[in-house]
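Comments concern the structure below.
The values are calculated or read from the model by the stated rules, or taken from the named source; none is laboratory data. Note that the coordinates shown come from a computational prediction; the quantities given were computed from them, not determined experimentally. Heads up, the Cβs are rebuilt from the backbone with ideal geometry, glycines too, and the neighbour counts pull from every protein chain shown.
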Amino acid sequence: MVDRVYNFSPGPATLPYEVLQQASKDVVNFKETGIGLIEISHRSKEFMAVADETESLLRELMEIPDNYKVLFLQGGASSQFFMIPMNLLSHGKKATYLNTGTWAKKAIKEAKLFGDIDVAFSSEEASFNKVPTQDEYTVDSASEFLYLVSNNTIYGTQFPEFPVTEKLLVSDMSSDILSRKIDVSKFGLIFAGAQKNMGPAGVTVVIIREDLLDRTPENTPTMLTYKTHADKGSMFNTPPCFAIYAVGEVLKWLKKLGGVAAMEEINKEKAGLLYDCIDGTDFYRGHAEKNSRSLMNITFNLPTPELEVQFVAEAATIGLNGLKGHRSIGGCRASIYNAFPREGVIKLVDFMKEFETKNKG
Ligand SMILES: *Cc1c(COP(=O)(O)O)cnc(C)c1O
C-alpha cells in the first residue's frame, strides 16, 4: 500500500482505498474486455450493466420508493440551483428557502430568476452557526416547495431532523447523502454532487418523485428538463461514465460495511470523538451551536488566527491534511465523510491534545 495521508478535504474528498485500487485496474482493462473503463461506449452492455448496478445499489441502500426516478447528471450540484426552480416553478410562483449557508444562498440567488422566493429563515448574522428548528420559521402557504441544505459543508451545521410539512420538500444533500438513514418518501427531490460523500467529481445524483416530471414549462431547454434524463435512464447523451462507475464501487463498499444504518453509527462515533475533544477544553471552540452540529464537517477555532495557521501547518507535517477552514469563516475544519477512517480521527484528537498542551498560554 502506498503511503496515504489522512485527507480531511471537504471535497473532492477521501475515498475508500479499495475503491481506488479497483478503479486503477478497471481504467486500464475493464473486466478483461481489453478496453479501459474510460474508453468503453456508454451504450455497450458492459457499461450499461455498470450504470444499472449503480442505480440499483443506490435504490437499495437509500430504500428509494419505486415512484422516484434516479438521475445521473452533469453540471455539478450548483446546476441544480437553477434546474430545480426552472423545472418546478412556473414563472411567478413562490417557493420558501432556508438560508443556512453559502450553498443555500447561492441556490436562493438562482431561484430568484424563476420565481418569488421567500427566505423564511437566515442565520447569516451569526455566521451561519445554526440551522433552524421548525418553530423558527413559517412556510408561506402559496409556496410550491420548501428548500433546505441538509448539511452545511462550510459552517459545519446539519439538520438533525427534517421539517414536517405538507409542502414539497427539496433538499441539497451533497455533503451528507448516505451518511444517515432518511425517509426518501418525505421528499419531492433530493440531489447531491458525488464528490463529498459518494465518489469522485463529475456526477450529480438527483432523486425525483415521478409526478414532478410533468411540471416543467414547455420552453425549457431539453438538456435542462428532468424528464429528458428520466425517460432515457440518464443516457439521453453521454453520461459521466467514470464517475457513475466509481459511485457504484463506493456503494458496494458501503453495502459490505452494513449499509446506511451501520454507517450512521460509525459517523456518530467518529464525530463524537472530535466534539468531545472540543468540548473538553476552552482552547478549541466549536463554530456550530450544539444542536446544529454536523457529523460530516467539524468546524472549530483556536484562541488566535496565528495559532490556527500554526495548527494547520503542524498537522500537515504528520500526515493530517486539509484542516484549514473555508475562506469565508476561517478557523479549522475537519471533514470526516463516510470513507474517512476512524484511525485518522483518533490521530487528529491526539494531535489536538498535544498541540494544546504545547501552546496554551
Ligand atoms: C460542494 C457543495 C455544493 C457545490 O457542488 P458542485 O458540485 O461543486 O457544484 C453544493 N451544495 C453543497 C451542500 C456542497 O457541499
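Scanning the stretch 96-128 for residues that are part of a loop (DSSP other than H, G, I, E, B) and either surrounded by fewer than 19 Cβ atoms within 10 Å (Cβ to Cβ) or out of contact with any Lys or Arg (no Cβ under 6 Å at 6 or more places or on another chain) (or both) turns up THR100, GLY101, LYS112, LEU113, PHE114, SER127, PHE128. Within the stretch 173-186, the set of residues being surrounded by fewer than 24 Cβ atoms within 10 Å (Cβ to Cβ) and either of a type in the set (Gly, Ala, Ser) or within 13 Å of the ligand (Cβ to nearest atom) (or both) comprises SER185 only.
If we scan the stretch 223-242, do we find a residue that is small (Gly, Ala, Ser) and touching a Pro at 6+ places or on another chain (Cβ under 7 Å)?
No, every residue in the stretch 223-242 fails to be small (Gly, Ala, Ser) and touching a Pro at 6+ places or on another chain (Cβ under 7 Å).
Looking at the structure I just gave you, is SER171 assigned to a strand (DSSP E or B), in the same structural domain as LEU189 (by TED's automatic domain parsing) and not hydrophobic (A, V, I, L, M, F, W, C)? Against the criterion (assigned to a strand (DSSP E or B), in the same structural domain as LEU189 (by TED's automatic domain parsing) and not hydrophobic (A, V, I, L, M, F, W, C)), SER171 qualifies. The set of residues in the stretch 188-201 that are within 12 Å of the ligand (Cβ to nearest atom) and outside any strand (DSSP E or B) comprises ALA194, GLN195, LYS196, ASN197, MET198, GLY199, PRO200, ALA201. Please find, among VAL149, VAL170, the residue that is of a type in the set (Val, Ile, Thr), under 27 Å from GLY331 (Cα atoms), within 16 Å of the ligand (Cβ to nearest atom) and in contact (Cβ under 8 Å) with a residue 40 or more places away in the chain. The match here is VAL149. Taking the stretch 65-80 as the range and being free of Cβ contacts under 8 Å to residues at least 24 places away in the same chain and either within 13 Å of the ligand (Cβ to nearest atom) or polar (S, T, N, Q) (or both) as the test, no residue passes.
Looking only at the stretch 249-297, residues that are of a type in the set (Asp, Glu) and within 17 Å of VAL345 (Cα to Cα) come to 5 in all.
The selection criterion, being over 23 Å from THR225 (Cβ atoms) and under 16 Å from the mean Cα position of the chain (by Cα), holds for THR14. Each residue in the stretch 81-105 was checked for being basic (Lys, Arg) and either farther than 18 Å from GLU136 by Cβ or free of Cβ contacts under 8 Å to residues at least 12 places away in the same chain (or both), and 2 pass. Looking only at the stretch 23-73, residues that are touching a helix residue (DSSP H, G or I) at 6+ places or on another chain (Cβ under 9 Å) and either outside any helix (DSSP H, G or I) or not assigned by TED's automatic domain parsing to the domain that holds ALA107 (or both) come to 21 in all. Give me the residue from the stretch 193-241 that is polar (S, T, N, Q) and more than 17 Å from LEU88 (Cα to Cα) and, out of that set, nearest to the chain's Cα centre (by Cα). Among residues in the stretch 193-241 that are polar (S, T, N, Q) and more than 17 Å from LEU88 (Cα to Cα), the one nearest to the chain's Cα centre (by Cα) is ASN197. In the stretch 8-22, the qualifying residues are those that are of a type in the set (S, T, N, Q) and in a loop (DSSP other than H, G, I, E, B), and the one that is farthest from LEU320 (Cα to Cα) is THR14.
Of note, VAL206 satisfies the criterion of being closer than 30 Å to ILE40 by Cβ, outside any helix (DSSP H, G or I) and either at pLDDT 95 or above or not assigned by TED's automatic domain parsing to the domain that holds PHE340 (or both). Checking each residue in the stretch 218-241 for being touching a residue at least 60 places away in the same chain (Cβ under 8 Å) and touching a helix residue (DSSP H, G or I) at 6+ places or on another chain (Cβ under 8 Å) picks out THR220, LEU224, THR225, TYR226, ALA230, GLY233, SER234, MET235, PRO239, CYS241.
A search for C-beta distances below 6 Å between a residue of the stretch 202-216 that is more than 16 Å from the ligand (Cβ to nearest atom) and any residue that is modelled with pLDDT of 95 or more and in a loop (DSSP other than H, G, I, E, B), counting only pairs 6+ apart in sequence or on different chains, returns ARG209/GLY188; GLU210/ASN67; LEU212/GLY188; THR216/THR225.
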